[in-house]
Number of protein chains: 2
Amino acid sequence: MTLPSTLDTAVTTVSPALRAAVDKYLCPEIAAVARYHHGWTDASGRPAEARGGKLLRPALALLSAQAAGATAADGVAAGVAIEFVHNFSLLHDDIMDGDRTRRGRATAWTLFGVPQAILAGDALLTAATTVLLDSRAAGAAPAAKSLMAATQRMISGQASDVRFERRGDVTLPECVRMARNKTGALLACACSLGASLVGAPADLVQRLNDFGEHIGLAFQLIDDLLGIWGDPARTGKQAGADLRARKNSLPVVAALTAPGSAELRSLYLRPDPLTEGEVHHVAGLVERLGGRDWAQDEAARQIAAAEKNLGAAAIPDDVRDELRELAGFVTGRRF
Amino acid sequence: MTLPSTLDTAVTTVSPALRAAVDKYLCPEIAAVARYHHGWTDASGRPAEARGGKLLRPALALLSAQAAGATAADGVAAGVAIEFVHNFSLLHDDIMDGDRTRRGRATAWTLFGVPQAILAGDALLTAATTVLLDSRAAGAAPAAKSLMAATQRMISGQASDVRFERRGDVTLPECVRMARNKTGALLACACSLGASLVGAPADLVQRLNDFGEHIGLAFQLIDDLLGIWGDPARTGKQAGADLRARKNSLPVVAALTAPGSAELRSLYLRPDPLTEGEVHHVAGLVERLGGRDWAQDEAARQIAAAEKNLGAAAIPDDVRDELRELAGFVTGRRF
């Protein structure tokens with residue numbers, strides 16, 4: 001699958017602004033951690049070969065400004081702010097989850113220590129607000145409030161996620177709410193923040209927000225499916241990685257809470273690690289209990305709901321097409 | 001020493017607003033961590049006997065609004081926001097420093113785990129911005145920018161502090177800059193945020209800010225003196241606690257960088273712990289090398305500079321007196 005051209009635009013316009021904002025707002029020591037985390041430098045501080053993240057959220061933020069009749073350039077501050085909040089959350093989540101690698105690279109806390117990684121996250125969150133308020137755009141303050149509200153929901157989702165790891169009785173509605181907060185809130189904000197920043201009418205901002213929230217939940221459902229049945233060559237993760245880590249992912253919770261789940265429960269909720277044979281067996285059980293079908297159907301329902309919001313929004317046709325293309329890219333990964 | 005009455009006003013007016021903001025903006029799980037950390041509940045979630053923190057920074061924020069001719073009530077959002085940022089930093093610093101107690105209570109991370117304590121800090125930082133922007137005050141956006149700039153400096157100070165722990169060659173100017181960033185920036189913001197929020201002229205905001213920055217550095221110098229020579233009954237810390245922890249505090253760095261510091265350096269910078277006799281001996285060396293005198297003199301110079309800013313600011317006399325009284329309270333602790 002080739003990358004949508006909108007992502008190239010985001011990389012071209014938002015990348016330099018992201019780097020400039022790191023230079024401007026972060027102290028040199030913490031900026032070094034942020035640059036490594038963003039993928040711009042290697043562990044020794046030298047420029048990295050990789051082009052860094054895909055900048056999906058900034059791309060959505062630029063389109064969101066264009067949806068309101070402004071230019072992509074008008075949405076750049078929204079793109080920088082949403083990417084900073086996204087990376088703040090990754091820096092802190094990697095510490096909380098004890099993850100030592102991300103996209104094939106050592107996580108920041110393993111190289112710079114937990115204190116510097118906590119501070120780098122704090123600094124990016126702090127800078128995200130400043131970037132919006134410094135933009136002097138018509139909707140700077142409402143945009144900052146919207147971003148902080150989404151951040152608060154994301155924190156709530158992560159708090160639930162951490163707690164769910166210690167519980168064997170998570171219900172499917174709880175798990176869906178967690179995913180909406182943890183993944184949906186920030187994607188919803190990405191899809192509406194540019195519009196909010198340029199002062200778009202409230203009903204347009206709401207439509208774009210709802211579009212993004214549905215896409216976000218679809219994305220999480222598909223990410224969870226890939227975490228069990230994904231092709232390691234495409235996902236970069238070992239097959240069954242989420243089962244081995246005993247994650248309360250959406251297909252698994254759907255299966256655990258389905259009738260006849262006794263065998264799955266006894267295997268999945270026991271303290272000892274799963275053998276490779278058991279990982280394979282658990283994947284089969286989740287599928288037989290309907291977890292895979294439910295997640296695929298629910299993702300399709302969320303994509304349809306997102307489409308509906310997009311269709312009802314008063315936005316230029318070419319922007320609608322680009323939003324649809326990006327949504328397809330986010331949710332269309334094969335497994 | 002009795003508490004200045006301004007602190008009573010802060011407790012009466014800001015406490016309920018702080019609690020309401022925690023209820024409103026934080027998810028229930030993270031709110032529980034924040035309530036414990038603020039001292040409102042005990043470890044099991046029951047209301048605590050203690051009245052919580054002194055609310056020094058909110059008291060300064062209310063006076064800052066009054067300095068600009070507004071009422072204390074007009075500064076409440078500034079008081080809540082600055083206290084949230086202060087507590088965000090304490091929650092995260094306790095994790096970074098591995099501190100297990102604060103003011104005689106178990107720190108949040110030891111009770112709720114590192115992930116929930118990181119998230120509680122994140123949530124308070126996020127809520128601080130929202131409280132200001134939701135206030136709809138004339139200077140809401142500039143106040144939020146000022147608070148985020150101070151937060152960024154505080155993060156920079158903490159990053160230096162963490163790094164200095166691993167270095168034996170910290171210079172006195174570096175150490176003073178670290179203290180200005182870590183302690184001075186937020187106190188400066190506390191002293192100006194209320195004025196900024198109510199839309200005061202830039203020169204008044206600047207005077208109040210400078211006043212607070214000098215008070216903040218004086219406060220840190222005196223805190224560092226108390227960490228070596230303080231009366232344990234008054235400070236709540238063991239005598240010589242900062243020496244035992246081998247902190248690069250201001251009097252110590254002044255002594256380490258003075259001529260004739262070879263004996264102090266070899267004792268203080270060696271890897272093995274200090275015996276009780278050595279702690280006592282190190283305190284004597286720091287004093288003989290001039291570290292105690294320098295810190296006391298520098299604190300006096302900072303207080304004089306603060307006074308000068310206060311005298312030059314166009315503010316009502318009764319408010320000036322109250323600011324002076326609070327400054328005296330902050331910097332006047334005997335040792």
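The values are calculated or read from the model by the stated rules, or taken from the named source; none is laboratory data. Values in this document were obtained by computation on a predicted structure and should not be read as measured data. All Cβ positions, even for glycine, are placed from backbone atoms using ideal geometry, and neighbour counts span all protein chains on display. Heads up: the accessible areas ignore ligands, DNA and RNA and are worked out on the full protein's heavy atoms, side chains in. Shrake-Rupley method; radii C 1.70, N 1.55, O 1.52, S 1.80 Å.
Decide, for the range A:287-335, between rounded, prolate and oblate: order the square roots of the alpha carbon gyration tensor eigenvalues as a ≥ b ≥ c, take rounded if a/c falls under 1.5, and otherwise choose prolate if a/b is larger than b/c, else oblate. Show your work: numbers first, answer last.
Numbers: a/c = 7.03, a/b = 2.23, b/c = 3.16.
Since a/c reaches 1.5 but b/c is at least a/b, the shape of the range A:287-335 is classed as oblate.
Dipole size in debye (nearest 20) for the protein assembly as shown around its Cα centre, Lys and Arg Cβ +1, Asp and Glu Cβ -1?
Details: 72 positive and 76 negative charges, 89 e Å.
Roughly 420 debye for the protein assembly as shown.
When peptides A:296-303, B:149-156 are ranked by their average number of other Cβ atoms within 10 Å per residue, the highest-first order is B:149-156, A:296-303.
For A:Arg100, A:Arg270, the ranking by accessible surface with the largest value first comes to A:Arg100, A:Arg270, using a 1.4 Å probe.
Positive-end ranking of A:Ala31, A:Gly69, A:Asn209 along the dipole of the range A:5-331, with charges on Cβ about the Cα centre, is headed by A:Ala31. A dipole drawn for chain A from +1 and -1 charges on Cβ atoms has a positive end, and of A:Ile82, A:Leu225, A:Pro271 the residue lying farthest that way is A:Pro271. Sorting A:Thr101, A:Thr107 on solvent-accessible area from highest to lowest, probe radius 1.4 Å, gives A:Thr101, A:Thr107. Neighbouring Cβ atoms from other chains, within 10 Å of the Cβ of residues in A:91-98, number 3 on average.
Using a/c under 1.5 as the rounded threshold, could you call chain A rounded, prolate or oblate? The axes a ≥ b ≥ c are square roots of the C-alpha gyration tensor eigenvalues, and prolate needs a/b larger than b/c, oblate otherwise. Walk me through the intermediate numbers first.
Details: a/c = 1.92, a/b = 1.33, b/c = 1.44.
It is oblate, given that a/c is not under 1.5 and a/b is not larger than b/c.
Please say if the range A:126-205 is rounded, prolate or oblate, where rounded means a/c under 1.5 for a ≥ b ≥ c the square roots of the C-alpha gyration tensor eigenvalues, and otherwise the choice is prolate for a/b larger than b/c and oblate otherwise? Since a/c reaches 1.5 and a/b is larger than b/c, the shape of the range A:126-205 is classed as prolate.
Would you mind checking the pairs B:Lys54/B:Lys308; A:Lys24/B:Lys54; A:Lys182/A:Lys247 and listing those with alpha carbons more than 24 angstrom apart?
Values: B:Lys54/B:Lys308 26 Å; A:Lys24/B:Lys54 35 Å; A:Lys182/A:Lys247 15 Å.
Distance filter (> 24 Å) returns B:Lys54/B:Lys308; A:Lys24/B:Lys54.
Mind listing which chymotrypsin sites (Phe, Trp or Tyr not before Pro) in the range B:22-63 are in a DSSP loop and have 15 or fewer other Cβ atoms within 10 Å?
Numbers: sites: B:Tyr25, B:Tyr36, B:Trp40; in loops: B:Trp40.
Qualifying residues, ordered by number: none.
Rounded to the nearest 20 Debye, what is the dipole magnitude of chain A about its Cα centre when Lys and Arg each give +1 and Asp and Glu each give -1 at the C-beta?
Dipole size: approximately 340 debye.
Position A:Thr101: other-copy label points at 4.4 nm, ordered by increasing distance, label point 7 Å along Cα→C-beta. In chain B, Cα pairs under 8 Å separated by at least six residues give a relative contact order of 18 percent.
Here the relative contact order of the range A:248-290, from alpha carbon pairs under 8 Å that lie six or more residues apart, stands at 57 percent. In the assembly of identical copies, B:Ala262 has its label point, taken 7 Å from Cα in the direction of the beta carbon, separated from the corresponding points by 8.1 nm (ascending, one decimal).
Solvent-accessible area of A:Asp23, all protein chains in place: 90 Å² (probe radius 1.4 Å, heavy atoms, ligands and nucleic acids excluded). Here is the list for the range A:1-98: GluC sites (Glu not before Pro) lying in DSSP coil, each with at most 16 other C-beta atoms within 10 angstrom of its C-beta, are A:Glu49. In the assembly of identical copies, A:Leu3 has its label point, taken 7 Å from Cα in the direction of the beta carbon, separated from the corresponding points by 5.6 nm (ascending, one decimal). For A:Thr41, the residues whose modelled amide H falls within less than 5 Å of its own, excluding neighbours fewer than 5 places apart on the same chain, are A:Tyr36, A:Ala48.
Taking all protein chains together, B:Ser146, B:Ser5 sort by accessible area into B:Ser5, B:Ser146, largest first [probe 1.4 Å]. Taking all protein chains as they are arranged and a probe of 1.4 Å, the heavy atoms of B:Thr110 leave approximately 40 Å² accessible to solvent. One decimal place: the segment A:Arg177-A:His280 gains 34.3 nm when fully extended, by the rule 0.36 nm per residue minus the C-alpha distance.
Relative contact order, whole percent, for the range A:1-130 stands at 26, derived from Cα pairs under 8 Å and 6 or more residues apart. Treating r as the C-beta distance of A:Asp321 and B:Thr12 and R0 as 51 Å, the FRET efficiency rounds to 0.30.
Where the only charges are on Cβ atoms (+1 Lys, Arg; -1 Asp, Glu), what is the dipole of the range B:215-335 about its Cα centre, to the nearest 20 debye?
Numbers: 15 positive and 18 negative charges, 69 e Å.
The calculated dipole for the range B:215-335 is roughly 340 debye.
Per-residue ellipticity at 222 nm, computed for chain A from helices alone with -39500 (n - 2.57) per DSSP H run of at least four residues, works out to -23000 deg cm²/dmol. Shielding of peptide A:23-33 by partners, expressed as the average count of other chain Cβ atoms within 10 Å per residue Cβ, is 3.
Less than 5 angstrom separates the built amide H of B:Arg102 from those of B:Thr107, all sequence-distant by 5 or more or on a different chain.
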